[in-house]
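The values are calculated or read from the model by the stated rules, or taken from the named source; none is laboratory data. As the structure is a computational prediction, the values presented were derived from the model and not from experiment. Quick reminder, even Gly has a Cβ in these numbers, built from the backbone with ideal geometry, and neighbours come from all protein chains shown.
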Amino acid sequence: MSIEQIIAVVRGFDGALVIVAEPGGDLPEPAWGDAFCYYAPDGQLPRNVQPYATAVTRNQPGDTASDLDPPHRWRVNVRVDRAVFEELTGEEPRNPGRPRDYAATDRVMPHPVYGALGWISVVNPGAGTRDTVLRLLRDAHEAARARFERRGRQERPPGSG
C-alpha cells in the first residue's frame, strides 16, 4: 500500500476529512506530506479533537525509531481501543513489553511514542498488514463518528432533538 492509497481509502469513508500538510498551508514544514484523518461531516477541521489516524513521512524530534527519513519510508498510525491493542500486540497499552524493531516494515506494532495511549503503527504497510490496516482505519473512523455523535447530543439544548 502507498500513502496515497491510505488517503484515498479514508477519503471514501462517509464524513471523513483528510488534511494533507503542504507548503503554504497552516501546518508547519516538518509536517509537509503527512496526512491527518478526522471524522468531520461538515468538512471543517474539528476543534479540540485529535485525528484518529495519521500517515507520516519523516522522523520527528523524539520520534525516530521507525527510521522514516530514507526515501520511500512512511508510517500509518491508528488509534485503537484497548481490546484491539491487546489483540494485535499481546500487551496492554500502558504496559509495554518486549523491545521492538520499530523500523521493521509491514508489521503491526505499538506506536513507538504513543503506544501507551492506544496507538498502533505500521511502517510501509504491505501484503502482510493491508487487511488489518484497512480494518483499523474503518473501525477508528466509526469510533470517531460515535464520539462526534455523543458530543453533539450533549451540546444540544433540551428539546432540540
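Can you tell me how many residues in the stretch 69-95 are in a loop (DSSP other than H, G, I, E, B), without any contact (Cβ under 8 Å) to a residue 24 or more places away in the chain and either loosely packed, with under 14 Cβ neighbours inside 10 Å or of a type in the set (G, A, S) (or both)?
Of the residues in that region, 7 qualify.
Please indicate, with yes or no, whether at least one residue in the stretch 30-48 is assigned to a helix (DSSP H, G or I) and of a type outside the set (A, V, I, L, M). Even if it seems obvious, please write down each step before you answer.
Kept after step one, since they are assigned to a helix (DSSP H, G or I), are these residues of the stretch 30-48: 30-31.
With the extra rule that they be of a type outside the set (A, V, I, L, M), the set shrinks to 30.
Yes, the stretch 30-48 contains a residue that is assigned to a helix (DSSP H, G or I) and of a type outside the set (A, V, I, L, M).
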For this session: Consider N95 carefully, then state whether it is at pLDDT below 95, on the phi > 0 side of the Ramachandran plot and among the polar types (S, T, N, Q).
Result: no
Exercise. Scanning the stretch 119-161 for residues that are part of a loop (DSSP other than H, G, I, E, B) and modelled with pLDDT of 95 or more, which turns out nearest to H72 (Cα to Cα)?
Worked result: N124
For this session: Please state which of the following conditions L17 fails to meet, knowing it meets all the rest: (1) at pLDDT below 95; (2) farther than 21 Å from P125 by Cα; (3) not hydroxyl-bearing (S, T, Y).
Result: (1)
Problem set entry | Residue in the stretch 5-20 that is part of a loop (DSSP other than H, G, I, E, B), of a type in the set (F, W, Y) and either free of Cβ contacts under 8 Å to residues at least 60 places away in the same chain or touching a strand residue (DSSP E or B) at 6+ places or on another chain (Cβ under 6 Å) (or both) present | no
For this session: May I ask you to list the residues in the stretch 21-30 that are in contact (Cβ under 8 Å) with a residue 12 or more places away in the chain and of a type in the set (A, V, I, L, M, F, W, C)?
Result: A21
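Here is a yes/no grid of residues against (1) of a type outside the set (A, V, I, L, M); (2) touching a Phe, Trp or Tyr at 6+ places or on another chain (Cβ under 6 Å); (3) farther than 25 Å from V18 by Cβ:
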position: P71; (1), (2), (3): yes, no, no
position: Y102; (1), (2), (3): yes, no, no
position: A116; (1), (2), (3): no, no, yes
position: T132; (1), (2), (3): yes, no, no
position: A140; (1), (2), (3): no, yes, no
